[in-house]
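The structure appears right after this line, and notes come after that.
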């Protein structure tokens, strides 16, 4: 029996999972670490914390499972995207990593747009300049900490720093590199044009691989510390969303997933590169060689329901405690008893501004149509429907780009809600399914490791073995006829309020 390890270096914790070659979980371990916010809008983490967590959790799963290191064929790495790790000449970390949610780089985004050109930037990197991406972080360090920039010899992403720790290799792969804003996404290689215009030395960047390719093997000292073998290979792996896609079987045209976590994501696989000229959705290389994914993001998805729970649903919280139940299950059960349209109440989920389709930091949440007949149950359903409308916006943009969706998987905390899955099925017009495994990105990169280690011929073949469907929710024809009436009003409301949002922000 051969074994595989999937490691997911997240924002709050690292999770390491040991699978057998049939992708059954053998052992798992996780380790949390802090995030630092030295100023308002800043977000940093210590790369050394990721290193320590990875080494500890690998050691945990190997020792507790009793599996011999020589039987572990491969390791796959997933992780939070966009983070900046800078190493000096001695391979020491120069400064804390500026991570994905940091918002300090607005001026640098303007600088990138000015130097490359707004349209040209989208043509090459498939995205407008965004504060979350790595390129603007690099420029921020150069502009504000020139002494640190001068010391820099290597620039790595979070999971690729872990790769260096495990293998000694400076390497990345196409899905994570797509989020740096330095990759030519259609050509799947570093963009000489962008690097030249931004005056970034190409030698600072790692070699780019495809996600299932072998990038190195475990160093002797790491093998000794963790129990792995020096023959265990480490593959390219993937950024967190691309890894989650593999872990849910989204590796062929027509397949997509919706995640309802704090934010919401609609992610679709595409064998052709398709770029939205308006930059409303992300196009990245995906973890399947020669393919891409297109992804829309709504900022306040699960956050909207959590906000409503925290502010207005203490009765549900108390009831859940008494019953030993999940508070969201109780809220969802009541929402299920409210008809489509929430008795003519519409919610706009813009608590944190919006990314797709409006790219507007000033827009804010709204209950529209509120009257004396409405109850808390109506408002809960309206919140869930508003988030679903926003996710439908994302799917509509993908459809307009020629990215078709025939089958949708539901992931994240919201994906466990039968009510939310039904709303999505009714709005998308296709079955919404869940899968048996809950390991997500860790399973996805273990699948990639299995391909790199030669246990499976390609990623779709490995997914066919690993990914099993659990539940399927088909659309309800009556609901499909009702929802467009409310969806049309929902879409009109942003245009009606756009200028008012700006006025409110300016007060």
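Summary table below
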item: Gap separating the Cα centres of the stretch 326-360 and the stretch 241-290, nearest whole Å; result: 24
item: Three-way shape label, the stretch 3-242, alpha-carbon gyration tensor, a/c 1.5; result: prolate
item: Separation between Cα centres of the stretch 134-162 and the stretch 367-391, rounded to whole Å; result: 44
item: Rounded, prolate or oblate (a/c below 1.5 giving rounded, otherwise prolate when a/b exceeds b/c) for the stretch 249-436 by Cα gyration tensor; result: prolate
item: Calculated [θ] (222 nm, deg cm²/dmol) that DSSP helices of n ≥ 4 give over the chain, each run adding -39,500 (n - 2.57); result: -12500 deg cm²/dmol
item: Residues 1, 352 arranged by fewest to most Cβ contacts within 10 Å; result: 1, 352
item: Relative packing of 377-383, 460-466, 190-196, which averages over residues the other C-beta atoms within 10 Å, highest first; result: 377-383, 460-466, 190-196
item: Share, in percent, of DSSP beta bridges within the chain that are antiparallel, nearest 5; result: 70
item: Neighbour-count order for 338, 445, fewest beta carbons within 10 angstrom listed first; result: 338, 445
item: Computed over the stretch 249-436: relative contact order in percent, which uses C-alpha pairs under 8 Å that are six or more apart; result: 27
item: Percentage relative contact order, the chain, counting C-alpha pairs under 8 Å, at least six apart; result: 16
item: Label-reachable residues, the stretch 92-112, where backbone N falls under 19 Å from a point 7 Å from residue 225's Cα toward its Cβ; result: 92-97
item: Length added when fully stretched, residue 123-residue 493, from 0.36 nm per residue minus Cα-Cα; result: 130.1 nm
item: Cα gyration tensor shape of the stretch 222-299, rounded if a/c is under 1.5, else prolate or oblate by comparing a/b with b/c; result: prolate
item: Ascending count of other beta-carbon atoms within 10 Å, so fewest first, for 63, 270; result: 63, 270
item: Mean separation of Cα contacts under 8 Å, 6 or more apart, over the residue count of the stretch 3-242: relative contact order %; result: 22
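Coordinate-derived values only; no laboratory data. Keep in mind the model is a prediction, meaning the values are calculated, not measured. Positions of Cβ are generated from backbone atoms using ideal geometry, with glycine treated the same way; all protein chains shown enter the neighbour counts.
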